[in-house]
Amino acid sequence: MKMTHLILSRKALAAFVVPMFVLSTLVVAAPVSANPGTLYVDALGTCGGNSPCYTHPQDAVNFANPGDTIWVYPGTYSERRFTSPVPPHWGPGDQYAPALIVFKDGLTIQAVDPDPSKTVIQTTYNFWVNRALPGGGGGGSIEHSTGCIWNPVTKVWDDDPATPGDCVRPTFGTAPNGIAIIANDVTIDGFTIISTYGGDPKCPGGYPNTGGVFVGALYAGEGRSGISGTIIRNSIIRGYSGVRIWKAPHTTLEHNAIDNNIWPPTPTPPFYSWCTTTGPTPAQVVVEAWEGWNEGANVGSTYLRAVNNHLIDYKRTSGIAVGGFYNGPVDHSGLYIHGNVIQGAAWAISLWNSQSGNIEISSNTITDSKGGINLGSGGVHDSLTDGNSMRFANVGPWGHGVFGQYLSRVAISHNDIQGNPNGWAMAIYDSTTVSILGNVVINNAYGIATVRSKSVVAHCNKIVDNGAGFPPPGPYPAFFNVLGSGDAAQYVVDATLNWWGDPSGPNHPTSWIYMGSPYGPNPGLGDRVSDYVLYNPWKGLAEIDIKPRSYPNSINLKSKGVVPVALLGSDTFDVSTVDLSTVVFAGATPVHWAIEDVNSDGYMDIVFHFSTESLTELTATSTSAALAGKYTIEGSYLPFLGSDTVNIVSK
């Protein structure tokens, strides 16, 4: 991508980010004398009269003490190139260093201007940088950039005595990240941060392993791990991955605009002699916490917080992906993903091989994505997925709203999942003790699937217009339960007290044996359910008693009297929420009503009286009559329906 295009995109992103920062960012104003613990950076070298003043953030980091604050004035701060040190840096891979490597603990690096588009830290070269070799061979630019000095006697890069901290000596090549953070408790605040690297044109197909910001290492797979306490906020971040996190617990991303709108370069053969991967370059996600394949220590990126960020996935990968493998599942406990806007992903949020608890994924807005939240198959437990909104793109099959396998004690609640054209709203496999509560599940190709899962409850959901599916393999019922091995009773789902789109309840065309008796069928007009799903009572199902304390409810249609009908209250139906103006019985509206406990069960009921002459829907052959109306439940205004038998008599 040309830098002119990148700058235009950065301006567009700034329109989103700037309003969030104006109130939260302090501005360095009048010149002051040197303050202990405060350093300044200005590409023009003035720093508003403040001192000490450096022209590049890397120099300020090199001279800072742990815990210092570095204020950076507007400007563009790019990678550094060293062409004639001793020893010489021979090739391009020996000459360049990324724009910024933060290697001292406790630094706060903050832009002076609250508009992040005004202060840019960027790395624009398209290759990795070689490490220095003993005796002076190989690279040295990373060492040179971070404050090492060449010792002509020992022929190694030593720490500069003028700087209080150690410099950086890579043990392998260094990725061209915009910023690499390899120290604890570092805060980055208010920048545009860019890495334009999308792979090496002389060796296409390799994994770029690079980000706008890289937290915890110089690249994924480096031996270091456990870098903790990074905070990145109020910034615009772009790279082949926007942010990559390597075994770095307690990382916080907040109020950032992050994307992966950097693309592989056009291959330029002849390729390097060592190049063995010449296929398409693998895509990288927008934000990735990756723990690798048994590399280094078994450290997970626990307590990762991603809060109120705006993520755009240009490659249909993942908006936020967390995963890894270390002789089995990896711990990502304490993960908190809240209030983000995520656009364009294949999976907006994806956990891979995470055997973790205390995870909360809440109040995120997911749009134009193939899939929503993938809890993975590692065994997430004691966690919450709550209040997320999901809308989908029509980009291929089997992108689910919420997916999880081997879950335990997980709540999926108050999510709004609508319009998935190709997948399930929820698909839960091989799990136990899952609560599906208060969700809106509307107009999805498939509704809710529970497969070989025990102790699943689904209450107070709106499940409407799902299950049209597409062949093959659909259509499936909107609530589809598949048994595992052993006793069928342990796999039965309690899906009572849901709204199925019609007061007549779900459509259940078959029957199965529950506790020794047939369960179903139910000819409801709502969404269809499979066997081994309990659905009665459902929202909108009311119990009525025509002519209370009388049986067989005889009605003489020629009578000029009234017919009493009791709408019975219960622990699932509060009669005080009924809109009395909507009540109709057999075509008649009530002439009066009273509230009382008709059946002495401790719940208040409403007794309506209807003029017999107005019961226009009853005929001499009628055997039942229905009472209909509307009520408010959990903020929703829904219809209800109840029926009872009648005995039509002539006198």
Checklist line | Whole-Å semi-axes of the ellipsoid equivalent to the chain (Cα gyration tensor, √5λ, descending) | finding: 65, 25, 19
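Taking the Cα centre of the stretch 356-490 as origin and charging only Cβ (+1 Lys, Arg; -1 Asp, Glu), how large is the dipole, in debye to the nearest 20? List each step's numbers first, then the result.
On the way: 6 positive and 8 negative charges, 30 e Å.
Value, rounded to 20: 140 debye.
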Check: Which semi-axis lengths, in whole Å and largest first, follow from the square roots of five times the eigenvalues of the Cα gyration tensor of the stretch 502-564?
Finding: 32, 14, 10
Next item on the list: Among 475, 196, 61, pick out the residue whose Cα is farthest towards the positive end of the charge dipole of the chain, where Lys and Arg carry +1 and Asp and Glu carry -1 on C-beta, about the Cα centre.
Entry: 196
Checklist line | Isolated Cys in the chain, by beta carbon distance under 4.7 Å | finding: 460
Item checked: Cβ-based net charge around residue 420, under 11 Å, with every Lys or Arg adding one and every Asp or Glu removing one -> +2
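Send over the per residue convex hull volume for the stretch 555-651, Cα only, as a whole number of Å³.
So the per-residue hull volume is 97 Å³.
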Next item on the list: Give the residue from 440, 376, 501 lying farthest towards the positive end of the charge dipole for the stretch 357-516; charges sit on Cβ (+1 for Lys and Arg, -1 for Asp and Glu) and the dipole is referred to the Cα centre.
Entry: 376
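May I ask you to derive the FRET efficiency for residue 409 and residue 389 from their Cβ-Cβ distance with R0 = 25 Å, giving the value to the nearest 0.05?
Numbers: r = 24 Å, r/R0 = 0.97.
About 0.55, to the nearest 0.05.
Taking the Cα centre of the stretch 452-593 as origin, sum charge times position over the Cβ atoms of Lys and Arg (+1) and Asp and Glu (-1), and report the length of that vector in debye to the nearest 20. Mind showing how you got there, number by number?
Details: 9 positive and 11 negative charges, 73 e Å.
Here the size comes out at about 340 debye.
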Check: On average over all directions, what projected area in square nanometres does the stretch 608-651 have, based on the convex hull of its Cα atoms?
Finding: 4.0 nm²
Notebook entry, point to check: Within a Cβ distance under 14 Å of residue 481, other residues only, what is the Lys/Arg minus Asp/Glu net charge?
Noted result: -1
Check: By average Cβ neighbour count within 10 Å, what is the ranking of 439-451, 69-81, 302-314 from highest down?
Finding: 439-451, 302-314, 69-81
Check: What is the sum of charges around residue 446, taking Lys and Arg as +1, Asp and Glu as -1, for the other residues whose C-beta is under 13 Å from the C-beta of residue 446?
Finding: -1
Next item on the list: Normalising by the residue count of the chain, find the relative contact order in percent from Cα pairs under 8 Å and 6+ residues apart.
Entry: 6 percent
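Based only on Cα atoms, what Rg/Rh ratio does the stretch 352-435 have, Rh being taken as Kirkwood's radius?
Here Rg/Rh amounts to 0.96.
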Margin query: Counting only protein heavy atoms and a 1.4 Å probe, tell me what percentage of the chain's accessible area is made up of carbon and sulfur.
Written below: 55 percent
Margin query: Please report the spacing between the Cα centers of the stretch 285-331 and the stretch 539-601 in Å, no decimals.
Written below: 57 Å
Notebook entry, point to check: Could you list, bin by bin from short to long, the percent of Cα-Cα pairs of the stretch 303-448 in 5 Å steps?
Noted result: 2, 11, 22, 26, 22, 13, 4, 0, 0
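I'd like the FRET efficiency for residue 308 and residue 649, computed as 1/(1 + (r/R0)^6) with the beta carbon distance as r and R0 of 51 Å, rounded to 0.05.
Details: r = 68 Å, r/R0 = 1.34.
E between residue 308 and residue 649, to the nearest 0.05, is 0.15.
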Item checked: Global size of the stretch 269-379 as Cα Rg and Dmax, reported in angstrom -> 15.6, 51
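About the Cα centre of the chain, how large is the charge dipole given +1 on each Lys and Arg Cβ and -1 on each Asp and Glu Cβ? Please answer in debye to the nearest 20.
It comes to approximately 1340 debye.
Calculate, in nm to one decimal, what residue 597 and residue 153 gain on full extension: separation in residues at 0.36 nm each, minus their alpha carbon distance. Write down the numbers at each step before the final one.
Values: separation 444, 0.36 × 444 = 159.84 nm, distance 9.89 nm.
Extending this stretch completely gives an extra 150.0 nm.
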Check: Reachable lysines from residue 651, Cα under 21 Å, same-chain residues fewer than 8 places away excluded?
Finding: 547, 558, 560
Check: Rounded to the nearest whole Å², what accessible area per residue is found for the chain with the 1.4 Å probe?
Finding: 39 Å²
Item checked: Cα-only radius of gyration and Dmax that characterise the stretch 460-607, units Å -> 19.0, 62
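Quick one, can you get me the convex hull of the C-alpha atoms of the stretch 217-281 expressed as volume per residue in Å³? Display every interim value, and only then the final one.
Numbers: hull volume 7.2 nm³, N = 65.
Expressed per residue, the convex hull around the Cα atoms of the stretch 217-281 is 110 Å³.
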Notebook entry, point to check: So which lysines pass the test for residue 155, namely a Cα distance under 29 Å, with those fewer than 8 places away in the same chain ruled out?
Noted result: 104
Check: Given 118/315; 118/247; 315/454, which pairs have Cα atoms separated by over 29 Å?
Finding: 118/247; 315/454
Next item on the list: Counting only DSSP beta bridges with both residues in the chain, tell me the antiparallel percent, nearest 5.
Entry: 25 percent
Check: Between the helical axis of 3-21 and the dominant principal axis of the chain, each derived from Cα atoms, what acute angle in degrees is found, rounded to the nearest 10?
Finding: 60 degrees
Checklist line | Extension reserve of the residue 536-residue 485 stretch, reckoned as 0.36 nm per residue once the Cα distance is removed | finding: 15.8 nm
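Just to verify a number: FRET efficiency for residue 613 and residue 634, C-beta to C-beta distance, R0 = 45 Å, to 0.05? Walk me through the numbers on the way to the answer.
Working: r = 38 Å, r/R0 = 0.85.
My answer for the efficiency is 0.75.
Taking the alpha carbon gyration tensor of the stretch 402-491, what are the square roots of 5 times its eigenvalues, largest first, to the nearest whole Å? List each step's numbers first, then the result.
Details: eigenvalues 85, 51, 20 Å².
The equivalent ellipsoid of the stretch 402-491 has semi-axes of 21, 16, 10 Å.
The values are calculated or read from the model by the stated rules, or taken from the named source; none is laboratory data. As the structure is a prediction and not an experimental result, all values here were calculated from the model. Ideal geometry is used to build each Cβ from the backbone, glycine not excepted, and the neighbour counts take in all protein chains shown. Each accessible area value is taken on the protein alone, full model and side chains, heavy atoms only, with ligands, DNA and RNA left out. Shrake-Rupley method; radii C 1.70, N 1.55, O 1.52, S 1.80 Å.
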